[in-house]
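Some notes on the structure that comes next.
Values in this text are rule-based calculations from the coordinates and carry no lab data. Quick caveat, the model's predicted, so the values are computed rather than measured. In this analysis, Cβ positions are derived from the backbone assuming ideal geometry, glycine residues included, and neighbour counts consider all displayed protein chains.
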Amino acid sequence: MGIKGDLATMGLEDIFQWLAVGRKTGVLHLNGVVHRKKVDFHDGRIKGCWSSDPREYMGQFLLSFNRITEAQLHDALAAQEDENQLLGRILVDRQLLTEGEVREILQAKVEESIYDAFIWNAGHFEFMDGEAPADKATALNLDVTGIVMEGTRRRDEWKRIRDVLKGADAVLDGVSEIIADFLPLAPGDAKILSFVDGQRTLEQMAVELRWSEFKVSHHLMDMIDKGMLTVLDPGGHANEKTQALVQEAEKLVKAGQLDQAEAALRELLQASPALAQAQALLDQVEDLKGARIPPPKDSDVPILAISLDQLMTANLSASEGFLASRVDSISSVGDIVAISPLPPDECRAIFTRLLRKGILRVDGSTPARFSHRSP
């Protein structure tokens, strides 16, 4: 017998405890505003978790923990496509990781994916009693009590974070004289501090570090509390501004002012590259102007159409800059999409925008080393 409902009326802690006490076996489906997750239960204990968020894929966790390089992930994913083997098994066979390290990362991946759902603002759930596991390769045996306690703690911390850092567009800077008092820094603090420059947003740091927004915010808040960082802009402006800008662009399109509409939409998409409404409107403008460029194929090899100096000074969003920095004239679009922490459709849309902007060009095709991404 299953159960379903809204996370606003029945919180995750209550759902998990109900599944644990009832020693339920099946799959809990969680549908948020952006991503979906599936949590596997057996006799009331957690066996694994699947997520649609690319940052929660096994390969991305390995990169974020500096356990492998992007080149090693490229090669392992290519081997996975050819050999139909689990990513962890391939890395163990190549002596890049031990069995214990794979299990350690796998457990961290599952736990972090579940904790992320605890800070969702909205969503729906459905438990499918007796459904087969979403990821049959996962064989964990996690106690629900510890997961619920940490998930609840993070939700409370997230509320405190949002009082100070109100959005992913927050910008901070370091206070050098205070930082000096805390030297040597913990590895995590040192890593994130290297990205704090008074210009990068919280979102840019998260993309470049391949960390969740919570993890980045947690480290930043700890350093804010110590006086090591100052908040230049708390953020939270994106939602207020974007709708007004889209509406203004729509008015320009209706008035036939296509050049002005295109310029406004491109500026908006630099700040919010995943804004589907703005991208759809830009596609409409380009169709009207007869200038729409078809999206590249996964087998196409992108090449920089500008110099590296020009790339460094180009006005690109965090996601655009991340993908452009991975262009090496060898890797195909499909290869780069596979190692990116961004959703595949968003990656392909960004490549199309970079072609339209003249940042990239496509020079022939090569057989893609792999055609899909593995969680």
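Per-structure values
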read-out	value
Solution diffusion estimate, µm²/s, Stokes-Einstein, the stretch 300-365, Kirkwood Rh from C-alpha pairs, 37 °C, viscosity 0.692 mPa s	281 µm²/s
Column: log10 I(q)/I(0), Debye, Cα scatterers of the stretch 66-157, q = 0.20 Å⁻¹	-1.08
Per-residue Cβ neighbour rank within 10 angstrom, fewest leading, F195, F351, F322	F195, F322, F351
Relative contact order %, the stretch 165-233, counting alpha carbon pairs below 8 Å whose residues are six or more apart	51 percent
Fewest-first ranking of S113, S332, using other Cβ atoms within 10 Å as the exposure measure	S332, S113
Net length gained if the chain between N66 and S52 were fully extended (0.36 nm per residue, minus Cα distance)	2.8 nm
Hits among lysines - C-alpha to C-alpha of K24 under 30 Å, sequence gap 8 or more where chains match	K4, K37, K38, K47, K109, K136
Cross-link reach list, lysines versus K226, counting only Cα pairs under 20 Å and skipping chain neighbours closer than eight places	K159, K166, K191, K215
Dimensionless Rg/Rh of the stretch 165-233 - Kirkwood Rh, Rg from C-alpha atoms	0.92
Cα centroid separation - the stretch 42-100 against the stretch 195-210, whole Å	25 Å
Cα-based convex hull volume of the chain per residue, rounded to whole Å³	162 Å³
Whole-number percent relative contact order across the chain, with pairs defined as alpha carbons under 8 Å at least 6 apart	18 percent
Size of the stretch 1-94 as Cα extents on the principal axes (Å, biggest first)	45, 28, 22
Reach of K297 by Cα under 20 Å, taken over lysines that are not fewer than 8 positions away in the same chain	K357
Area projected by the alpha carbon convex hull of the stretch 197-348, averaged over all directions, nm²	10.5 nm²
Label-point gap, in nm, between V33 and D173 - each point 7 angstrom along Cα→Cβ	3.0 nm
